[in-house]
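Structure record follows, encoded as structure tokens.
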Amino acid sequence: MCLGIPGRITDVSDNAGVRMGTVDFGGVRREVCLAYTPQAEVGAYVVVHVGFAITQVDEAEAERTLEVLRAMADAVTGELGEPLPARGGGL
């Protein structure tokens, strides 16, 4: 299954010429490649698939999607390697 998970960028950096960032998925943080979303900055919400931010979304859309994904815990665990925390983790 292909699953894109929305999260908020908390940090942006350059790693050997590749734009990278830390993305917070409601309490779970992962290092993500931001090369495909060059306009996304700290505080922006992006959809991440297999370690790449593939599009930018607004906060309301990110929150709606995360609520659906929390209801599908096994799919999220398969993508992130751990479940999303209960609501209240900042997203």
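The values are calculated or read from the model by the stated rules, or taken from the named source; none is laboratory data. Predicted model, so just to flag it, every value in this text is computed and none were measured. All Cβ positions, glycine included, derive from the backbone under ideal geometry; neighbour counts span all protein chains shown. Ligands, DNA and RNA are stripped out before the accessible areas are found, and what is left, the full protein with its side chains, is counted by its heavy atoms. Shrake-Rupley method; radii C 1.70, N 1.55, O 1.52, S 1.80 Å.
Considering each of A40, A60, A35, A75 in turn, give the residue that is open to solvent by less than 50 Å² (accessible area, probe 1.4 Å), at pLDDT 90 or above, of a type in the set (A, V, I, L, M) and not in a strand (DSSP E or B). Quick ask: steps written out before the conclusion?
On the way: A60 fails: open to solvent by less than 50 Å² (accessible area, probe 1.4 Å); A35 fails: open to solvent by less than 50 Å² (accessible area, probe 1.4 Å); A75 fails: at pLDDT 90 or above.
Result of the check over A40, A60, A35, A75: A40.
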Could you check how many residues of the stretch 9-28 are touching a Gly at 6+ places or on another chain (Cβ under 8 Å), in a strand (DSSP E or B) and under 18 Å from G81 (Cα atoms)? 2
Given (1) of a type in the set (G, A, S); (2) open to solvent by less than 60 Å² (accessible area, probe 1.4 Å); (3) at positive phi, number of the condition G7 does not satisfy: (3)
Selection from the stretch 13-32 of residues surrounded by 17 or more Cβ atoms within 10 Å (Cβ to Cβ) and among the aliphatic types (A, V, I, L, M) yields M20, V23, V28, V32
With the checklist (1) at pLDDT 95 or above; (2) in a loop (DSSP other than H, G, I, E, B); (3) open to solvent by less than 70 Å² (accessible area, probe 1.4 Å) in hand, flag the one item P85 doesn't pass. (1)
Condition check for R64: without any contact (Cβ under 8 Å) to a residue 12 or more places away in the chain and under 20 Å from P85 (Cβ atoms): yes
